[in-house]
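The values are calculated or read from the model by the stated rules, or taken from the named source; none is laboratory data. Note that the coordinates shown come from a computational prediction; the quantities given were computed from them, not determined experimentally. Glycine also receives a Cβ, built like all others from the backbone with ideal geometry; neighbour counts cover every protein chain displayed.
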Amino acid sequence: RKEVEQDPGPFNVPEGATVAFNCTYSNSASQSFFWYRQDCRKEPKLLMSVYSSGNEDGRFTAQLNRASQYISLLIRDSKLSDSATYLCVVNMMNYGGSQGNLIFGKGTKLSVKP
Amino acid sequence: DGGITQSPKYLFRKEGQNVTLSCEQNLNHDAMYWYRQDPGQGLRLIYYSQIVNDFQKGDIAEGYSVSREKKESFPLTVTSAQKNPTAFYLCASTLRPGDSEAFFGQGTRLTVV
């Protein structure tokens, strides 16, 4: 099982649609979780962190289920500018707690059409 | 302004040559990372460094080398032993290794000609 797995894309949706991305991770020792956005031929940028209690930022809602080792991102009222690749990222600590490592999913491509 | 800077943005290399990609950060971050991204693929970890004078191999370290002589700098050398070096290379840093946002440089697009 891969360490971080995401829904295969691409997702092609009309403007105004609600779209959900899912992500599972294999290491139960994972400490922190993020969604990043990457535009074509650009560097990834943090979209939002994911907290156990769930968190919302405008049209974006992120949720974490530690028991199922599952992360989700919901985008409501999609805009053309939301078109990008969305990367699920997990920060894993080694069992000694002294080292960490960012593990990226392959990303899910979203294309919002007029 | 604080940030992380990669150079050059585009790099062309002849087969058999070593090239070094620069990564500098002035964020006072402890940890730095090098990733490789191929078209339609996710980021794959090449090397990472938690602290000055220490670094660890990632998933695809073969054909690459790094150094971390200063906290601000984490250069990556792509050696002639790397059989398929054409890719988009991304450098990142985090305040601490275990729990923080990663800041990325703008990337270096390396092409072997």
From the list A:Phe60, A:Phe11, A:Phe21, which residue is of a type in the set (Phe, Trp, Tyr), within 30 Å of B:Thr5 (Cα to Cα) and either surrounded by 14 or more Cβ atoms within 10 Å (Cβ to Cβ) or out of contact with any Cys (no Cβ under 8 Å at 6 or more places or on another chain) (or both)?
A:Phe60
Among (1) within 11 Å of chain B (Cβ to nearest Cβ); (2) touching a residue at least 24 places away in the same chain (Cβ under 8 Å); (3) charged (D, E, K, R), which single condition is A:Lys42 missing?
(2)
Can you find a residue in the range A:36-53 that is within 16 Å of A:Asn91 (Cβ to Cβ), at pLDDT 90 or above and part of a loop (DSSP other than H, G, I, E, B)?
yes
Which of the residues that make up the range B:62-86 are assigned to a strand (DSSP E or B) and either in contact (Cβ under 8 Å) with a residue 24 or more places away in the chain or buried (at least 16 other Cβ atoms within 10 Å of the Cβ) (or both)?
B:Tyr64, B:Ser65, B:Val66, B:Ser73, B:Leu76, B:Thr77, B:Val78
Quick one: how many residues across the range B:24-61 are part of a strand (DSSP E or B), in contact (Cβ under 8 Å) with a residue 12 or more places away in the chain and either of a type in the set (Phe, Trp, Tyr) or surrounded by fewer than 15 Cβ atoms within 10 Å (Cβ to Cβ) (or both)?
8
Could you list, in sequence order, the residues of the range A:24-39 that are farther than 20 Å from A:Arg59 by Cβ, facing chain B (nearest Cβ under 10 Å) and surrounded by 17 or more Cβ atoms within 10 Å (Cβ to Cβ)?
A:Ser32
Regarding the range A:62-77, can at least one residue be identified that is modelled with pLDDT of 95 or more, touching a helix residue (DSSP H, G or I) at 6+ places or on another chain (Cβ under 9 Å) and not hydroxyl-bearing (Ser, Thr, Tyr)?
yes
